[in-house]
Amino acid sequence: MPTIRQANERGHFKNGWLDSHHTFSFGEYYDPEHMGVSVLRVINDDRITPSAGFPTHPHNNMEIISYVLDGELAHKDSMGNGSVIRPGDVQRMSAGSGITHSEFNPSESNGAHFLQIWLLPNKQNVKPDYEQQFFAPESRQGQLKLLLSPDGRDGSLSASTDALMYGTLLDKDQQVSHQLAADRIGYLHLAKGTAQIGEHTLNAGDGMTFEAGVAIEIAGIADAEILLFDLPR
């Protein structure tokens, strides 16, 4: 049976510029029952006020994905990369042997809303790396689009992890499905809107874990934006 993680059950942190909900244990939020699913370690649902953000800080041995839902996020790192991430963009940073970076909302008037996702790497202390790609809405509308994979297949970003990350946009009556292999489990995060997964209705911020080998059936109800992770058992 799938296990539902409701939005209002998540950890919550708020200060003057950041409002963050944590699907899994993170920072000051510790819950031994929710330490991640397989190699999926973090999904933080972050909202940043105008002209604010995370100052330069370090990471290592983690695959870090930034997925913007609304607004813009400016990125700078110790590899010399600098970019602005907007809705439709997916950014992958392999922290590897060590990197520092900052994330900042460059707008003086609009908030930024994004997902910060951490995936455990399958190799330790690799050379840090960075990649960013735009996935047009039409490539995700009514279909599951592979956004990230270990080998960059089908135009996806490549990452040093055993995870596959798919994205989809579903209007009312649009449906997609995904078959998990016998040695793979799944996790779904509903980023926006409302969707029906089997007999369950999920709303923004909700998540669901799937057992190995099951067929995942997803139907849109209202402007759903969804990430689906196919993970090692």
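Would you tally the net charge around residue 47, using a Cβ to Cβ cut-off of less than 10 Å, leaving residue 47 out, and scoring K and R as +1, D and E as -1?
After counting each charged neighbour, the total is -3.
What GluC sites (Glu not before Pro) does segment 8-69 have in DSSP loop regions with at most 16 other beta carbons within 10 Å?
28, 33
Considering only protein heavy atoms and a 1.4 Å probe, what is the carbon-and-sulfur percentage of the accessible area of the chain?
Roughly 48 percent of what the probe reaches on the chain is carbon or sulfur.
Under 12 Å from the Cβ of residue 99, count the other residues' Cβ atoms, weight Lys and Arg +1, Asp and Glu -1, and hand me the total.
Its environment carries a net charge of -1.
Report the charge-dipole magnitude of the chain in Debye, nearest 20, computed about the Cα centre from +1 at each Lys and Arg Cβ and -1 at each Asp and Glu Cβ.
In total the dipole reaches around 380 debye.
What shape does segment 1-101 take by its C-alpha gyration tensor, where a ≥ b ≥ c are the square roots of the eigenvalues and a/c under 1.5 counts as rounded, a/b above b/c as prolate, and the rest as oblate?
It comes out prolate by the Cα gyration axes.
Which ³J(HN,Hα) values, rounded to whole Hz and listed in residue order, are derived for segment 157-170 from phi using the Karplus coefficients 6.51, -1.76 and 1.60 in 6.51 cos²θ - 1.76 cosθ + 1.60 with θ = phi - 60°, glycine and proline given as x?
5, 9, 8, 7, 8, 8, 8, 10, 10, 10, x, 8, 10, 10
Between the DSSP loop rule and a limit of at most 15 other Cβ atoms within 10 Å, which trypsin sites (Lys or Arg not before Pro) in segment 56-133 are left?
123
With a sphere of radius 11 Å drawn around the Cβ of residue 139, what net charge do the other residues whose Cβ falls strictly inside it have (Lys, Arg +1; Asp, Glu -1)?
0
Putting +1 on Lys and Arg Cβ atoms and -1 on Asp and Glu Cβ atoms, find which of 219, 126, 200 reaches farthest to the positive end of the dipole of the chain.
126
How much of the DSSP bridge set in the chain is antiparallel, in percent, rounded to the nearest 5?
Given both bridge residues lie in the chain, the antiparallel proportion sits at roughly 95 percent.
In the set [x] 44, 39, 38; [y] 49, 37, 33; [z] 52, 46, 27, which value of Cα extents along the principal axes in Å was calculated from the structure you see?
Identified label for the calculated read-out: [x].
Run the numbers on segment 1-131 and let me know its relative contact order in percent, using alpha-carbon pairs under 8 Å that are six or more apart.
Across segment 1-131, relative contact order equals 28 percent.
Give the accessible surface of the chain per residue, rounded to a whole number of Å², with probe radius 1.4 Å and ligands, DNA and RNA excluded.
44
Where does the chain land at 222 nm, in deg cm²/dmol rounded to the nearest 500, when only DSSP H runs of n ≥ 4 count, each adding -39500 (n - 2.57), divided by all residues?
Theoretical 222 nm ellipticity from helices: 0 deg cm²/dmol.
Using amide H atoms built 1.01 Å from N in the peptide plane, name the residues 5+ places from residue 36, or on other chains, whose amide H lies under 5 Å from its own.
Distant-sequence amide H within range of residue 36: 25.
The values are calculated or read from the model by the stated rules, or taken from the named source; none is laboratory data. Because the structure is predicted, anything quoted here is derived from the model rather than measured. Ideal geometry is used to build each Cβ from the backbone, glycine not excepted, and the neighbour counts take in all protein chains shown. Please note that ligands, DNA and RNA were not included when accessible areas were found on the heavy atoms of the full protein model with its side chains. Shrake-Rupley method; radii C 1.70, N 1.55, O 1.52, S 1.80 Å.
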